[in-house]
Each structure stands twice: as C-alpha cells, then as structure tokens.
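Presented below is the structure to which this report refers.
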Amino acid sequence: MNAIVSALHVATIKGTRLRSVERIELDERGAAGDRKFFVVDENARMLNGKQLGELQAVIASIDGERLVVEFPDGTIVDGEVVLAEPMPTKFFSHTVVGREVQGAWSQALSDYAGRSLRLLATGSAVDRGAKGPVSLVSRGSLRGLAEHARTDSVDVRRFRMLIEIDGVEPNAEDAWIGQPLQVGESLLRFDGHVGRCLVTSRDPETGVVTLPTLDLLREYRREIESTEPLPFGVYGRVLRGGSVHVGDALEFA
C-alpha cells in the first residue's frame, strides 16, 4: 500500500468549521484538542451542525488554555478557559458530563444563533467516544463521489473526518475494518463504516445545504455491505497513541 496522510482536520468546538493542521497527537480519546468543547441548548441537549448549521461559519482554536472563537462578522471572543461545576448533558442517546466555560463565549454563541446556547468543555465530544475517536476517508473515495455527482470535486470537510489519505483506489478503506494500521507513530484499528446524515449536505464554511449528499450516497453506496447505512469513510480506535503528520505513510500492522 502506498497511502499517505494528505490532510488532517480538527474542530475545537464540535460543529464549528474544521481547521486543517499539519500534526495531531493521538491518545485513546482521539486527537488532542479536537471536539474539546460542545454546545448545548436550554435543555442541556447537545447541538451540532445537523441542528445548527450556522456553527460551521464559526472558527475556534485553542492554544494551551486560551480559547479563541471568531464569528463571521469579525467578532472575536478570546480568553483563558475557566470552567464551572460539572453538569450532565443529553448527548445523542446517552449522557455526557461537561463543564460550562465561564466568560463571554456562551452569550456570544447565543447572540449569533438567536437562541440560548451554552458552551461546555469535556474530555472529547467525538460522536462515538472511545469506541470511535478517529475517522478516515480517502481522496479516491471523494473523487469517486464527485464523478457520481457529476461535479469537479467534493470538499472533504463536508464529511468532518479527522484523517484524509491519498494513494488508494476509491473506497479502499471499506476493506480495512478490523485491520490494525500504523499511521505515523500511532496504531489504529478501524471498526466500522461511518453512516452519513444531513450534515454532509451543508457547505463546510457556511452551513447552507448545497449538495444532496444523502441522495447521492443512496444511489452510489446503498448496495454496499457496511456496518452503518449510507457509508462513507471509516471510524476506529487508537490502539497506541502518538504523533501523526501530513505526509506520514500508512502500513498494515
């Protein structure tokens, strides 16, 4: 296999715009700082880009304990992270304990979205927790989908994946389920296919629905044997942590 890491994407706040980085540090919870924060509504229910597409126009980053959040109108909320007491939240079908970030961030997000929101911190707010903190998709798969959609390209950020690779045929990653892979310093095992939802139809910078991704996947991928419906890309566990850089090779372990 001649696959290499072609891009790495993280989101400091779950649902906000993905940022491209040159390196990530992986442990059993995923990439350090990725989905470290998440947003809840007045009922303490987690919201992501599916319910709140406009989050994708918000850019967040963290350096140490300093969180910077930039809004489309140029407003920036910047400061040290101070956390309140732990509180349970509704996170899909289970409960995640988070701590509200004190300061101006919750109010700024509420003003932006036009509804009451709170910003919480947790160890990691990836969808599948420790069962699936890493995700991967190939450029070959993106090219195959673009060909089916009769468009020049499909932005990888629509799929909100951590690792993008190049050098393999379209959907080659489908066959890697259960197979340990050495990626940079890390050892990963992909345990399932990522079933897709409405988020992928949204433009990754504006959150506006611009591509019928689910319809395309129904046409293009519905006959594929997979662990989840409408599969595109794979998710898995970190068996051994370490650094992963853009340009690192992938090897079967």
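The values are calculated or read from the model by the stated rules, or taken from the named source; none is laboratory data. From a predicted model like this one, the values you see are computed outputs, not experimental measurements. Cβ placement follows ideal geometry from the backbone for every residue including glycine, while neighbour counts extend to all protein chains displayed. Quick note on the areas: whole protein, heavy atoms, side chains included, nothing else; ligands and nucleic acids left out. Shrake-Rupley method; radii C 1.70, N 1.55, O 1.52, S 1.80 Å.
Suppose we filter G64, G53 for residues that are within 19 Å of S124 (Cβ to Cβ) and open to solvent by less than 70 Å² (accessible area, probe 1.4 Å); which single one remains? Spell out how you get there, then give the answer.
Working: G53 fails: within 19 Å of S124 (Cβ to Cβ).
Among G64, G53, only G64 is within 19 Å of S124 (Cβ to Cβ) and open to solvent by less than 70 Å² (accessible area, probe 1.4 Å).
Output the number of residues of the stretch 1-40 satisfying the condition of being more than 23 Å from T89 (Cβ to Cβ) and surrounded by fewer than 21 Cβ atoms within 10 Å (Cβ to Cβ).
First, pick out the residues of the stretch 1-40 that are more than 23 Å from T89 (Cβ to Cβ): 1-9, 19-26.
Pick out the ones that are also surrounded by fewer than 21 Cβ atoms within 10 Å (Cβ to Cβ) and you get 1-2, 4, 6-7, 19-23, 25.
Number of matching residues: 11.
Table: residues versus (1) open to solvent by 40 Å² or more (accessible area, probe 1.4 Å); (2) on the phi < 0 side of the Ramachandran plot; (3) out of contact with any strand residue (DSSP E or B) (no Cβ under 6 Å at 6 or more places or on another chain).
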residue	(1), (2), (3)
E147	yes, yes, yes
V154	no, yes, yes
P170	yes, yes, yes
D174	no, yes, yes
F190	no, yes, no
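Looking at T206, T213, which one is hydroxyl-bearing (S, T, Y) and surrounded by fewer than 20 Cβ atoms within 10 Å (Cβ to Cβ)? Spell out how you get there, then give the answer.
On the way: T213 fails: surrounded by fewer than 20 Cβ atoms within 10 Å (Cβ to Cβ).
On inspection, the qualifying residue turns out to be T206.
For the stretch 41-50, name all the residues that are buried (at least 17 other Cβ atoms within 10 Å of the Cβ) and assigned to a strand (DSSP E or B).
Those that are buried (at least 17 other Cβ atoms within 10 Å of the Cβ) and assigned to a strand (DSSP E or B): M46, L47.
I'm told A130 meets every condition in (1) of a type outside the set (F, W, Y); (2) open to solvent by less than 60 Å² (accessible area, probe 1.4 Å); (3) touching a residue at least 40 places away in the same chain (Cβ under 8 Å); (4) part of a helix (DSSP H, G or I) except one. Can you identify the failing condition by its number?
(2)
Tell me, please, whether a residue that is at pLDDT 95 or above, of a type in the set (G, A, S) and within 22 Å of S135 (Cα to Cα) can be found in the stretch 41-51.
no
Would you call G123 in a loop (DSSP other than H, G, I, E, B), touching a Ser or Thr at 6+ places or on another chain (Cβ under 9 Å) and in contact (Cβ under 8 Å) with a residue 12 or more places away in the chain?
Working: in a loop (DSSP other than H, G, I, E, B): yes; touching a Ser or Thr at 6+ places or on another chain (Cβ under 9 Å): no; in contact (Cβ under 8 Å) with a residue 12 or more places away in the chain: yes.
No; evaluated as a whole, the condition is false for this residue.
Does I59 satisfy the criteria of being among the aliphatic types (A, V, I, L, M) and loosely packed, with under 14 Cβ neighbours inside 10 Å? Spell out how you get there, then give the answer.
Numbers: among the aliphatic types (A, V, I, L, M): yes; loosely packed, with under 14 Cβ neighbours inside 10 Å: no.
So I59 does not fit the description; no.
Being open to solvent by 30 Å² or more (accessible area, probe 1.4 Å), within 16 Å of N43 (Cα to Cα) and either acidic (D, E) or free of Cβ contacts under 8 Å to residues at least 24 places away in the same chain (or both) is the filter here, so list the residues in the stretch 84-106 that pass it.
Residues of the stretch 84-106 that are open to solvent by 30 Å² or more (accessible area, probe 1.4 Å), as a first pass: 85-88, 90, 92-95, 97, 99-100, 102-104.
Within this subset, residues satisfying the condition of being within 16 Å of N43 (Cα to Cα) are 86-88, 90, 92-95, 97, 99-100.
Hits for the stretch 84-106 are P86, S93, H94, T95, R99, E100.
Please find, among E164, E185, the residue that is of a type outside the set (A, V, I, L, M, F, W, C), closer than 30 Å to E65 by Cβ, surrounded by fewer than 21 Cβ atoms within 10 Å (Cβ to Cβ) and modelled with pLDDT of 95 or more.
Numbers: E164 fails: surrounded by fewer than 21 Cβ atoms within 10 Å (Cβ to Cβ).
Exactly one residue qualifies, and that residue is E185.
Just checking, does the stretch 67-83 include any residue being surrounded by fewer than 18 Cβ atoms within 10 Å (Cβ to Cβ), within 19 Å of the chain's Cα centre (by Cα) and part of a strand (DSSP E or B)?
Looking for residues that are surrounded by fewer than 18 Cβ atoms within 10 Å (Cβ to Cβ), within 19 Å of the chain's Cα centre (by Cα) and part of a strand (DSSP E or B), one finds at least one in the stretch 67-83, hence yes.
In the stretch 217-233, is there at least one residue being more than 18 Å from H148 (Cα to Cα), open to solvent by less than 20 Å² (accessible area, probe 1.4 Å) and among the β-branched types (V, I, T)?
no
Here is a list: V68, V81, V39. Which entry is out of contact with any Ser or Thr (no Cβ under 8 Å at 6 or more places or on another chain), aliphatic (A, V, I, L, M) and over 24 Å from C197 (Cβ atoms)? Steps first, answer last, please.
Numbers: V68 fails: out of contact with any Ser or Thr (no Cβ under 8 Å at 6 or more places or on another chain); V39 fails: over 24 Å from C197 (Cβ atoms).
None of the others qualify; the one that does is V81.
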